[in-house]
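To start, the structure itself, in structure tokens.
The values are calculated or read from the model by the stated rules, or taken from the named source; none is laboratory data. Since this is a predicted model, take the numbers as computed values, not measurements. Every residue, glycine as well, gets a Cβ built from its backbone with ideal geometry; the counts of neighbours run over all protein chains shown. Accessible surface is based on the protein model in full, side chains and every heavy atom, while ligands, DNA and RNA are left aside. Shrake-Rupley method; radii C 1.70, N 1.55, O 1.52, S 1.80 Å.
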Amino acid sequence: MASTEEIRTQLAEIVNDLAGVAVEDVQLDKSFVDDLGVDSLSMVEIIYECEDKFGVEIPDEDAKNLKTVGDAVAYIERASN
């Protein structure tokens, strides 16, 4: 299983590819919308890419609760177990 930092790094690469946010800016305490400026369409694409890359399913009702990078990393960790 991937470590928290490995998941964060891979997630940062996804956010960089899809939303143009610098990899080093994607930190656990950052809000996707408020800090990183990710719009709703990009967020949907990020969720899909995470599902594919990490082999997890993120239902819409859970996806809307992923406000920060840390939320997303913790969710992926739980869903991977």
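Could you go through region 4-17 and let me know if any residue there is surrounded by fewer than 15 Cβ atoms within 10 Å (Cβ to Cβ) and among the small types (G, A, S). No, because not a single residue in region 4-17 is surrounded by fewer than 15 Cβ atoms within 10 Å (Cβ to Cβ) and among the small types (G, A, S). If I filter region 40-61 for residues that are among the β-branched types (V, I, T) and in contact with a strand residue (DSSP E or B) (Cβ under 9 Å, 6 or more places away or on another chain), do I get at least one hit? No: region 40-61 contains no residue that is among the β-branched types (V, I, T) and in contact with a strand residue (DSSP E or B) (Cβ under 9 Å, 6 or more places away or on another chain).
Among the residues of region 6-25, none qualifies, meaning not one is in contact (Cβ under 8 Å) with a residue 12 or more places away in the chain and touching a strand residue (DSSP E or B) at 6+ places or on another chain (Cβ under 6 Å).
Checking the structure you have, find out if any residue of region 49-56 is of a type in the set (A, V, I, L, M, F, W, C) and touching a Leu at 6+ places or on another chain (Cβ under 9 Å). Yes - at least one qualifying residue is present in region 49-56.
Checked against the criteria, V44 does not count as open to solvent by less than 20 Å² (accessible area, probe 1.4 Å) and β-branched (V, I, T).
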